[in-house]
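A quick write-up on the structure given underneath.
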Amino acid sequence: MPQERPAYGLAGDLTVATVLPDIAQALEQVVTLAEADLGFRLFLRALKAYSVRLPKEHYDRFLVLGEQLGYPLALVRDGLDVDWPPINTTHRDTSWDFGLSQLAGNAHQDWRPDTARREIHRVADADEPGPSPGTAAALLLVDAQRLLHSPLPDDTLTMVWVAVSDAALRIEGRSWLQLANVCEERLNRMAGLDP
């Protein structure tokens, strides 16, 4: 559950965190008297340095502004303390493929039983910048569970996987759906349940 924030606004939250009463004005002066781009980057750096929690809506706006300014994604995203909403697998806030169809699209002829787990981790850990962390794993897990718990025969599941993965790593029946374990591990790590 998100922690309740006092109603200061980000400038007020930053002032409280830094104990510098004029920090917001100083950063505003950088924007107006020096350069807006530099002022925005310094504002982001201050938010990160003092772990000021920001609402997801602000984070989304910062991403858009960063994109407009031509920033690399990591410049905005990395280090911000975002008040993430719970993962919602029914609202697929993604601009790319997701879940099993994404995993199948990433499959290639070099997949081997000893490296398949690492490949599944790549998809489960590949969160986009907008959705809550862990969303990629949650979407993959939901897809895997739908098939695991379905009445579909093992030959059908094998045939579907071979077809959609271009015959990469032929695994029989429900065995290939054990990727659900990788997704659960990722979600447990996100929740702080695993070391």
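The values are calculated or read from the model by the stated rules, or taken from the named source; none is laboratory data. Source: prediction; values computed, not measured. Using ideal geometry, Cβ is built from the backbone for each residue, glycine included, and neighbour counts are taken over all protein chains shown.
Values for this structure:
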| quantity | calculated |
| --- | --- |
| Given (1) in contact (Cβ under 8 Å) with a residue 40 or more places away in the chain; (2) surrounded by fewer than 13 Cβ atoms within 10 Å (Cβ to Cβ); (3) β-branched (Val, Ile, Thr), number of the condition Thr90 does not satisfy | (1) |
| Hey, Leu42 free of Cβ contacts under 8 Å to residues at least 60 places away in the same chain, of a type outside the set (Lys, Arg), at negative phi and assigned to a loop (DSSP other than H, G, I, E, B) or not | no |
| Lone unmet requirement of (1) over 23 Å from Leu47 (Cβ atoms); (2) modelled with pLDDT under 85 for Asp93 | (1) |
| Checklist (1) at pLDDT below 90; (2) of a type in the set (Gly, Ala, Ser); (3) part of a helix (DSSP H, G or I) applied to Gly66, failing item | (1) |
| Output for the range 114-140, where each listed residue is among the acidic types (Asp, Glu) and either surrounded by fewer than 16 Cβ atoms within 10 Å (Cβ to Cβ) or assigned to a loop (DSSP other than H, G, I, E, B) (or both) | Asp114, Asp125, Asp127, Glu128 |
| Flag for Arg45 being in contact with a Lys or Arg (Cβ under 8 Å, 6 or more places away or on another chain), at pLDDT 90 or above and among the charged types (D, E, K, R) | no |
| Total residues in the range 96-142, condition polar (S, T, N, Q), farther than 30 Å from Leu54 by Cβ and touching a residue at least 24 places away in the same chain (Cβ under 8 Å) | 2 |
